[in-house]
Amino acid sequence: MKTRLFIAVAVMAFATCAFGATPTTLKLQRGGTTVPVTTPLGGAALTNLELDPAMSGGDTDSGDGLGFTSKQVVNRSIARGHAGSNRAGHATRAKSSPELLGGLDGLNFHDQRYANGGNQFSVEPPDQGLCAGNGFVVESVNDVLAIYDKSGNKLVGPVDLNTFYGYPAAINRSTGAYGPEITDPSCYYDASTQRWFQVVLTLDRIGTTSSLAGTNHLDIAVSQTADPTGAWNIYRLPVQNNGTQGTPDHGCAGGFCLGDYPHIGADANAIFLTTNEFALFGSGFYGAQIYAISKQALASGAASPNVVLFNGGDPSIPAPAFTVWPAISSGGQYATAHGGTEYLLSSDAVFYDSGTSNTIWLWSVSNTQAIDSMPANVMLSVSPLTVQLYAVPSSLAQQKPGNTPLRDCFALLGCAPNYLGYPNHVYSTPRDLAVNDSRMQQVSYANGKLWGTLDTDVLLSDGSHGSGINYVVVNPDSGHIFANDTLALPDANLTYGAAAVTQSGRGVITFTVVGPNDYPSAGYASLDAKIGAGDVHIAASGAGPWDGFTGIPYLGDDRPRWGDYGAAAADGNTIWIASEYIAQTCSLTEYLTAPLFQCGGTRGALSNWATRISAIGF
């Protein structure tokens, strides 16, 4: 197939560009209902089927759309080049964190792998979702969910996502039957409707075999009340976009498109879901997809809410459409002009051989008030914004050396074959941790402004390249940029940033901090439209290095994984933040002590990732 390449337009002045892209109108179908109930932890510590064979390249040719291939099925990148940056880190580390109200360790790999009696695969990275409101906090990761009260007490969880969405277990360890593959969770609490929205990407199987059927859908769970511990309605939106099940035909190679990397946003009238569309069974990237769904219909439990789809791969759209992230609203603040407007942001450095750009794209979906009565009248426009030069990060991140029993077992003669069932593999240096590419991350609309972040390449003090967080605060009506700079430390990487903002315009960026002197830690910085980002704070210091299976030969892929995103949510004058970090450490001796591999219930056989949830007060 012919790969689509895009060239950014020259940015002379801010101007909204409307175009002739015709929306596709769809209908969403309601399925069953669900109530989140804690599923028991258990099962064997390690089996001969830890990784889903369909998701590690066995059934697919996961091309990234620009001539490269990898074994990764979901969360794909299309980054072309890594020219790097000469921008040095100049942020400082805060000596105290007076705004930090408290925090708790959230879901971790042990929860994920052993939930539902151990009928789960080993999965990393977590892909962290977080939403907060009405006295509750909901966290979801690959592939479990938990609900807390505002004091941090766990009310429900872990709940495996297959059970939550009404599916059989991911893998039935007794019968060998496979359930659907669920990935990429995100959630949002909508203050105006007092409803919780949880979305995942689900890939269907051929029967109960491991083989993927090709059909895939966004599963949207909507709470029936403001209490997330109660009942939820479930909706399913097919996204294979090959002309089946009511979808348009986008001509993806191999016959099925994939709705990768879904994320959620909202305005007054609609819930917005966006995906990156790849060919599931072949190479090719086909543009971001923007779905608008009637919010009122979802909130009321309607049988068939209206849906509008804009195809970012439409040739009439003059912008490169990759990870077009929809804005979440702070406390029911919405843009009401032009019949109701939802704003989205995207970046474009991944499309260039240099891996650099000084342009981001402001997308606007207007007349959203028509979603219930005349959905075809919803309109899309896009504008380029000139910003500080940013670059796709050019390297992995070093991490502070420490206990890595999985790595050490692979290196110790006889350990991996005897205990893990894999050949030995010796690493000459400590393993590095993955950072993000320069795709847009979480976007917020608050105080009449749009707030967004992305990872960018920076120059560290030792002359090596690392990752920092580029942030932008913009007036979406005029294009005026209030703040735009890079938050970076001279001696550590900051990666997978996510920003949330209160109604009054007080913001926080959350991220992972990792470097030669830092175990992966949960960090944050304040964000203000006038002065930009503040000092780097550590919400929770890492206890040891990341020690996961991705990137190890024999385990399905050669790409180490971290992220693939963090999350943050404003609830009144409190901002809840969520980051991946490492909460445990143990030696090889402890790892091989019965019960094997779990180090007192702090990790699993094949990884030790954890999440940290913190509350920041203003």
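The values are calculated or read from the model by the stated rules, or taken from the named source; none is laboratory data. All values derive from a computational prediction rather than experimental measurement. Ideal geometry is used to build each Cβ from the backbone, glycine not excepted, and the neighbour counts take in all protein chains shown. All accessible areas refer to the heavy atoms of the entire protein, side chains included, with ligands and DNA or RNA removed. Shrake-Rupley method; radii C 1.70, N 1.55, O 1.52, S 1.80 Å.
Taking segment 97-148 only, how many residues are among the charged types (D, E, K, R) and assigned to a strand (DSSP E or B)? Write out each step before concluding.
As a first pass, look at segment 97-148 and keep what is among the charged types (D, E, K, R): 99, 105, 111, 113, 124, 127, 139, 143.
Filter again for assigned to a strand (DSSP E or B), leaving 105, 139.
Within segment 97-148, residues that are among the charged types (D, E, K, R) and assigned to a strand (DSSP E or B) number 2.
The residues of segment 181-201 that are surrounded by fewer than 23 Cβ atoms within 10 Å (Cβ to Cβ) and touching a Lys or Arg at 6+ places or on another chain (Cβ under 9 Å), listed by number, are Ser192, Thr193.
Do you know which residues across segment 351-365 are buried (at least 23 other Cβ atoms within 10 Å of the Cβ) and β-branched (Val, Ile, Thr)? Correct list: Ile360, Val365. Could you go through segment 340-347 and let me know if any residue there is open to solvent by less than 10 Å² (accessible area, probe 1.4 Å), among the charged types (D, E, K, R) and out of contact with any His (no Cβ under 8 Å at 6 or more places or on another chain). Yes, because at least one residue in segment 340-347 is open to solvent by less than 10 Å² (accessible area, probe 1.4 Å), among the charged types (D, E, K, R) and out of contact with any His (no Cβ under 8 Å at 6 or more places or on another chain). Residues in segment 312-337 that are among the aromatic types (Phe, Trp, Tyr) and either open to solvent by 30 Å² or more (accessible area, probe 1.4 Å) or assigned to a loop (DSSP other than H, G, I, E, B) (or both): Phe322, Tyr334. As a summary of the residue check, Ser151 satisfies the conditions (1) touching a Ser or Thr at 6+ places or on another chain (Cβ under 6 Å); (2) assigned to a loop (DSSP other than H, G, I, E, B) except for the one numbered (1).
Is it fair to say Thr593 is in contact (Cβ under 8 Å) with a residue 12 or more places away in the chain and of a type outside the set (A, V, I, L, M)? Steps first, answer last, please.
On the way: in contact (Cβ under 8 Å) with a residue 12 or more places away in the chain: no; of a type outside the set (A, V, I, L, M): yes.
The answer is no for Thr593.
The residues listed here are Gly548, Gly600, Gly534, Gly563; of these, the one that is open to solvent by less than 40 Å² (accessible area, probe 1.4 Å) and at positive phi is Gly563.
I'd like to check which strands (runs of 3 or more DSSP E) are fully inside segment 524-595 and have at least 2 residues that are of a type in the set (Ser, Thr, Tyr).
On the way: elements: 537-540, 567-571, 574-581.
Here the list reads 574-581.
Is segment 470-483 home to any residue that is under 25 Å from Phe549 (Cα atoms) and touching a residue at least 60 places away in the same chain (Cβ under 8 Å)?
From segment 470-483, those under 25 Å from Phe549 (Cα atoms) are none; that's our starting set.
No, the conditions are met nowhere in segment 470-483.
In segment 116-142, how many are open to solvent by less than 20 Å² (accessible area, probe 1.4 Å) and more than 24 Å from Thr193 (Cα to Cα)? Explain how you work it out, then say what you get.
Initially, segment 116-142 is screened for residues open to solvent by less than 20 Å² (accessible area, probe 1.4 Å), giving 118, 120-122, 124-133, 137-142.
Okay, now just the ones that are also more than 24 Å from Thr193 (Cα to Cα), so 118, 120-122, 124-127, 141-142.
Qualifying residue count for the region: 10.
For first residues located in segment 406-422 and of a type in the set (D, E, K, R), partners that are open to solvent by less than 40 Å² (accessible area, probe 1.4 Å) and in a helix (DSSP H, G or I) and lie 6+ apart or on another chain with Cβ distances below 7 Å form the pairs Asp408/Leu588. Of the listed requirements (1) modelled with pLDDT of 95 or more; (2) surrounded by fewer than 20 Cβ atoms within 10 Å (Cβ to Cβ), Pro384 misses just one: (2). Going by what's in this entry, would Leu555 be described as at pLDDT below 95 and out of contact with any Lys or Arg (no Cβ under 7 Å at 6 or more places or on another chain)? Judged against the criteria, Leu555 is a match.
Summed over segment 248-307, the residues that are part of a strand (DSSP E or B) and touching a residue at least 60 places away in the same chain (Cβ under 8 Å) give a count of 27.
State the number of residues belonging to segment 287-297 that are open to solvent by less than 10 Å² (accessible area, probe 1.4 Å) and either over 23 Å from the mean Cα position of the chain (by Cα) or hydroxyl-bearing (Ser, Thr, Tyr) (or both). Qualifying residue count for the region: 2. Taking the listed residues Gly282, Gly301, Gly255, Gly251, the one that is more than 19 Å from the chain's Cα centre (by Cα), at pLDDT below 95 and over 25 Å from Pro384 (Cβ atoms) is Gly282, with no other qualifying. Take Tyr519 and decide whether it is open to solvent by less than 40 Å² (accessible area, probe 1.4 Å) and in a strand (DSSP E or B). The answer is no for Tyr519. If you go through segment 430-481 and keep only what is surrounded by fewer than 24 Cβ atoms within 10 Å (Cβ to Cβ), touching a Lys or Arg at 6+ places or on another chain (Cβ under 8 Å) and polar (S, T, N, Q), you end up with just Asn475.
Restricting attention to segment 302-311, report how many residues are under 28 Å from Thr33 (Cα atoms) and open to solvent by 10 Å² or more (accessible area, probe 1.4 Å). The total comes to 4.
Can you tell me which residue within segment 404-436, out of those that are under 28 Å from the mean Cα position of the chain (by Cα) and not aliphatic (A, V, I, L, M), is nearest to Leu51 (Cα to Cα)?
Filtering segment 404-436 down to residues under 28 Å from the mean Cα position of the chain (by Cα) leaves 404-407, 430-436.
Retained after the next criterion (residues that are not aliphatic (A, V, I, L, M)): 404-405, 407, 430-432, 436.
Numbers: Thr404: 20, Pro405: 19, Arg407: 17, Pro430: 24, Arg431: 21, Asp432: 21, Asn436: 23 Å.
This residue is Arg407.
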